[in-house]
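Structure record follows, encoded as structure tokens.
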Amino acid sequence: MKAAILSKFRNVFGRQPEIVARAPGRIEFIGNHTDYNGGTVLGAAIDRGVWVAYASRADGQRRFASDQRGEIISVPAAAIQRQEGPARWTNYPLGILASLPESGLRGPAGFDYLAMSDLPAGAGLSSSAAIELASALAFLGAVGSEPERETVVKLGRHAENHFVGVPCGILDQGVSGFGRENHLVFIDCRGPRFTTVPMPAGAHFWIFNTHTKHALVDGFYAQRHRECAEAARALGVPLLADVSPDALAAAADRLNPVAFKRARHVVEEIARVAAAVTALRQDDLAAVGRLLTASHRSSQTLFENSTPELDLLVDVLTGTAHVHGARLTGGGFGGAVMALTSAEFGDAQARGVAEAYAARFGARPDVLHARTGDGAALVAI
Ligand code: ADP
Ligand code: MG
């Protein structure tokens, strides 16, 4: 990728880049809908990401190019405005520029900018956080700043929430910023605080993206937020993370049956994240896998954010050799399933899973094999 972006930058802009930055995509490993309930989540930065190459310009023009679009988009440095149409993707780097002053930081004026990616966009692997963080590192590098990881994470999330207008939680940017090869990122969403947990050797990820999305997904998310907040209120706590599984069981009669199911998913999921950290520290991938599958079953029956497509993938995967466990990854109501496997699981097994899916639903899922990777960083050129 490094040679490719250097050469493409020269082709597009006729000059050498001064800075190259890279940020990875991420997988939600376990911790489903725990973030806005004040809970914990484990994520994995993967070995694919977005690369940004940058060189400053004296004339104040900001010129943006991407491997995903043909044309160069020129924006004067004076005004940062939201872009529509084919220039829409530049809202990610522009959102970073717009967010810098609010963090008391300075950005560059004119520049040539190229984004390139070996991470599929819109596949639930958070290419958006990756392009935000790579852009932030390039822009701050251009003015000689060496930001803390927290700062870069915050900038990315601010740009996505307030400039792009997507209300994502802290997982996407937090994992892209704090990822580390052979590690998972543990996030206590209340701080937020970030730490890494070693990933036992020989762990592989396989992601099966169904490209299905429930028509009412935004409404369902909002409804789940509301149900969780109502359950917390009925339990007399600020957030569901303040309730232990035992305390919840003891207070069951204070909740209506639906609120109880939602709360039970969140409270037990937070306990599963803690159990996963323990199992990881004991190098027990089989136990980790069982927790992943239990997380999916809880989504299926308690939080009710799974779909027949995702359930079929989990059913087939958990019946396939060399799979430790599988679960829906991300918000649910469509999207992707992630499997944790040993090295023996390969293309043949993945094809078998995809065929079982196609036999039932017609279309084939996209299949991606990934391993853990490092977090966002400048790349020496
Ligand atoms: P996800 O984050 O799951 O990949 P999003 O819809 O949040 O999906 O973000 C995808 C968007 O990020 C793309 O539509 C595009 O605007 C932007 N993006 C990602 N990678 C690139 C790239 N290499 N070049 C330009 N834009 C990109
Ligand atoms: Mg995204």
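The values are calculated or read from the model by the stated rules, or taken from the named source; none is laboratory data. Here the structure is a predicted model, which means the values were calculated and not measured. All Cβ positions, even for glycine, are placed from backbone atoms using ideal geometry, and neighbour counts span all protein chains on display. The area values use the complete protein model at the heavy-atom level, side chains included, leaving out ligands, DNA and RNA. Shrake-Rupley method; radii C 1.70, N 1.55, O 1.52, S 1.80 Å.
How would Thr90, Thr196 rank on accessible area, largest to smallest, probe 1.4 Å?
Working: Thr90 0, Thr196 45 Å².
Putting Thr90, Thr196 in descending order of accessible area: Thr196, Thr90.
With a 1.4 Å probe and every protein chain left in place, tell me how much accessible area His369 has, in Å² to the nearest 10.
Roll a 1.4 Å probe over it and His369 shows about 70 Å².
If each DSSP helix of 4+ residues adds -39,500 (n - 2.57) and the sum is divided by the residues in the chain, what number results at 222 nm, nearest 500 deg cm²/dmol?
Numbers: 11 runs with 145 residues, N = 381.
One gets -12000 deg cm²/dmol as the mean residue ellipticity at 222 nm.
Please name which of Gly107, Ala232, Ala77 has its Cα lying farthest along the dipole of the chain towards the positive end, using unit charges on Cβ (Lys, Arg +1; Asp, Glu -1) and the Cα centre as origin.
Ala77
Could you look at the chain and say what percent of its accessible area is carbon and sulfur, using a 1.4 Å probe and all protein chains?
Working: 7840 of 15560 Å².
Here it works out to 50 percent.
Just the accessible area for Met1, please: 1.4 Å probe, Å², rounded to the nearest 10?
Roughly 70 Å² of Met1 is accessible to a 1.4 Å probe.
At 0.36 nm per residue, minus the direct Cα-Cα distance, what do Glu18 and Ala58 gain on full extension? Give it in nm, one decimal, please. Intermediate values should be presented prior to the final figure.
Numbers: separation 40, 0.36 × 40 = 14.40 nm, distance 1.38 nm.
Taking 0.36 nm per residue and subtracting the Cα distance, the gain is 13.0 nm.
For the stretch 247-381, report the accessible area per residue in Å² (1.4 Å probe, heavy atoms, rounded to an integer).
Details: 5500 Å² over 135 residues.
Per residue, the stretch 247-381 has 41 Å² of solvent-accessible surface.
Evaluate the charge dipole of the stretch 122-234 about its Cα centre and quote only its size in Debye, nearest 20, assuming +1 on the Cβ of each Lys and Arg and -1 on the Cβ of each Asp and Glu. Display every interim value, and only then the final one.
Details: 10 positive and 11 negative charges, 50 e Å.
It works out to roughly 240 debye.
From Cα pairs below 8 angstrom and at least 6 apart in sequence, can you work out the relative contact order of the chain, rounded to a whole percent?
Details: 819 pairs, mean separation 88.2, N = 381.
Value for the chain: 23 percent.
In whole angstrom, note down how far apart the Cα centers of the stretch 307-330 and the stretch 147-201 are.
A separation of 26 Å, based on Cα centres.
Any idea what angle helix 217-235 forms with the longest principal axis of the chain, computed on alpha-carbon atoms, 0 to 90 degrees, nearest 10?
60 degrees
Can you sort His214, His162 by 1.4 Å-probe accessible area, starting with the largest?
Details: His214 75, His162 130 Å².
Ranked from most to least accessible, the order is His162, His214.
Percent antiparallel among DSSP beta bridges with both residues in the chain, to the nearest 5?
90 percent
Only Lys, Arg, Asp and Glu count, each charged at its Cβ (+1, +1, -1, -1), so figure out the dipole size of the chain about its Cα centre, rounded to 20 debye.
Working: 37 positive and 38 negative charges, 103 e Å.
Around 500 debye, computed over the chain.
Under a Cβ-Cβ cut-off of 12 Å, what is the net charge of the residues other than Gln223 that fall near it, where Lys and Arg count +1 and Asp and Glu count -1?
Working: positive: Arg224, Arg226, Arg262; negative: Asp218, Glu227, Glu230, Glu304.
Residues close to Gln223 contribute a combined charge of -1.
Return one whole number: the accessible area per residue of the stretch 1-126 in Å², for a 1.4 Å probe.
Numbers: 4790 Å² over 126 residues.
For the stretch 1-126, the solvent-accessible area averages 38 Å² per residue.
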